[in-house]
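Working notes, beginning with the structure itself.
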Amino acid sequence: MIVSKLDDILFTLKWPLPIAVIVFFMALFAFVAFKRNHLSVSGSLAAFVSGVVILYCMRFEGFFIFFWFYVSSNVIGKISRKRRKADAEKNFEKKGSRRDWVQVFANGFMAVLCSLLYFNTGSVTAVLMFCASVAEAASDTWAGEIGRLSKSVPVSIRTFRQVPRGMSGGITALGIAGGFVASLVIAFFFVIFFPVKRAFLYAVPVLVSGFAGCLADSWLGATCQALYVNSKGELTERENDDDGTENRLIRGIRWLNNDIVNLVSNVFACVLSAGLSAVIGRC
């Protein structure tokens, strides 16, 4: 397998050449992401640190999975961008198309933490938690971006009443299917790249946890996440307008924004996968 050969080439080099090569290529990757407007300066730095840790601790197998999440999310985002600009969902955009360090942290912190856990323990549970973390992030991103391409008007996961496109907590059948497929792909990658004993059985926690985390994200978005009304009477998830005017909170917790919801959902997916892994280990 190509990734295994890459591991052999890089990690058999004399120290500190492996880490030097990793740092160089991750710096190059972060620079390209910044120049292509995918990441802000802070987002590029966060992605650089995340990439170095994940590649060094999880080798190319884990890095490929994380890299696939990043590339696929950006590709799908580009496809749905025209729809996003044309519809009212633009009111719910918070930080534009460039991801900053907070957004990178919200989707990648648990993956980095699980990478360090795996590096120090070598446990299957750590691998499952890593894959579940990436699966949840991919599932949530795919569900949101693909859902915006749906001809059906999204409905709230809580009330099943119609909501504006792009509003947190809104779901469509197409988006839900997209989220499930994203989690399924990560589960498939786990089987291919980490051929542990009973790999297909252990892939179930990745699939279930990743998709469940996506649904949890939508539920939190429809119940606890802050929702405001601006001076024009429009619904928005932004605490302040562009001119600095403070919007009026009508639902949820003020400090619970989309980034925190993403982080909480990602943590939930990791914990769930660890629990399911323990159950499978006793069977």
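The values are calculated or read from the model by the stated rules, or taken from the named source; none is laboratory data. Computed from a predicted model, the values in this text were never measured in an experiment. With ideal geometry, Cβ positions are generated from the backbone for all residues, glycine too; neighbour counts draw on all protein chains shown. Note: accessible area is taken over every heavy atom of the protein model, side chains too, but ligands, DNA and RNA are not part of it. Shrake-Rupley method; radii C 1.70, N 1.55, O 1.52, S 1.80 Å.
Carbon-plus-sulfur accessible fraction, the range 134-283 (probe radius 1.4 Å, protein heavy atoms only): 64%.
Residues whose amide H falls under 5 Å from that of residue 247, counting only those 5 or more places apart or on a different chain, are 240, 241, with hydrogens built in the peptide plane. Ordering 278, 265, 205 by Cα displacement along the dipole of the range 171-283 toward the positive end leaves 278 in first place; charges were set at the Cβ atoms of Lys, Arg (+1) and Asp, Glu (-1). Sorting 217, 241 by accessible area puts them as 241, 217; the probe is 1.4 Å, largest comes first, and only protein heavy atoms count.
Rounded to the nearest 10 square angstrom, residue 152 shows an accessible area of 70 square angstrom against a 1.4 Å probe. Accessible-area rank, largest first, for 268, 63: 268, 63, with all protein chains present and a 1.4 angstrom probe. Computed from Cα positions, the angle between helix 17-35 and the longest principal axis of the chain comes to roughly 20 degrees. The HN-Hα couplings worked out from phi for the range 146-156 by the Karplus form 6.51 cos²θ - 1.76 cosθ + 1.60 (θ = phi - 60°) are 5, x, 6, 8, 5, 6, 7, 6, x, 10, 5 Hz, whole numbers, x standing for Gly and Pro. Accessible surface for residue 116 stands near 80 Å², nearest 10, in the context of the full protein assembly shown (1.4 Å probe). Exposure check, 1.4 Å probe, all protein chains in place: residue 218 carries approximately 20 Å² of accessible surface.
For the range 1-75, what class follows from the C-alpha gyration tensor (a ≥ b ≥ c being the square roots of its eigenvalues): rounded when a/c is under 1.5, otherwise prolate if a/b is larger than b/c, else oblate? Oblate is the answer for the range 1-75, as a/c is 1.5 or above yet b/c matches or exceeds a/b. Ordered from largest to smallest accessible area (heavy atoms of protein chains, 1.4 Å probe), the residues 14, 78 come out as 14, 78. If you line up the long axis of helix 199-223 against the longest principal axis of the chain, both from Cα atoms, how many degrees apart are they, to the nearest 10? Roughly 20 degrees between the two axes. Among 27, 143, 216, the largest mean-square fluctuation in a Gaussian network model of the chain (Cα springs under 10 Å) belongs to 27. Pairs of Cα atoms nearer than 8 Å and 6+ residues apart set the relative contact order; for the chain it is 19 percent. Test of understanding: in a Gaussian network model of the chain with alpha carbons linked when under 10 Å, which of 146, 250, 186 would top the mean-square fluctuation ranking? In this elastic network of the chain, the residue with the biggest mean-square fluctuation among 146, 250, 186 is 250. The overall shape of the chain, judged from the alpha-carbon gyration tensor, is prolate: a/c is not under 1.5, and a/b is greater than b/c.
Only lysine pairs 8 or more places apart or on separate chains count here, and in the chain those with Cα atoms under 30 Å apart total 29. Its DSSP H runs of at least 4 residues, each contributing -39,500 (n - 2.57), put the calculated 222 nm mean residue ellipticity of the chain at -24000 deg cm²/dmol, to the nearest 500. Each DSSP beta bridge with both residues in the chain is either parallel or antiparallel, and the antiparallel ones are about 80%. Under a model in which nothing but the beta-carbon of Lys, Arg (+1) and Asp, Glu (-1) is charged, the chain shows a dipole of about 520 debye around its Cα centre. Amide H to amide H distances under 5 Å link residue 39 with 34, 99, where only residues 5 or more positions off or on other chains count and H is placed in the peptide plane. Let me make sure I get this right: for the range 120-235, a, b and c are the square roots of the gyration tensor eigenvalues over alpha carbons, sorted descending. Under 1.5 in a/c it's rounded, otherwise prolate if a/b > b/c, else oblate. Which is it? Taking the square roots of the gyration eigenvalues as a ≥ b ≥ c, the range 120-235 is prolate. Taking Cα atoms only, the orientation of helix 173-193 departs from the longest principal axis of the chain by about 10 degrees.
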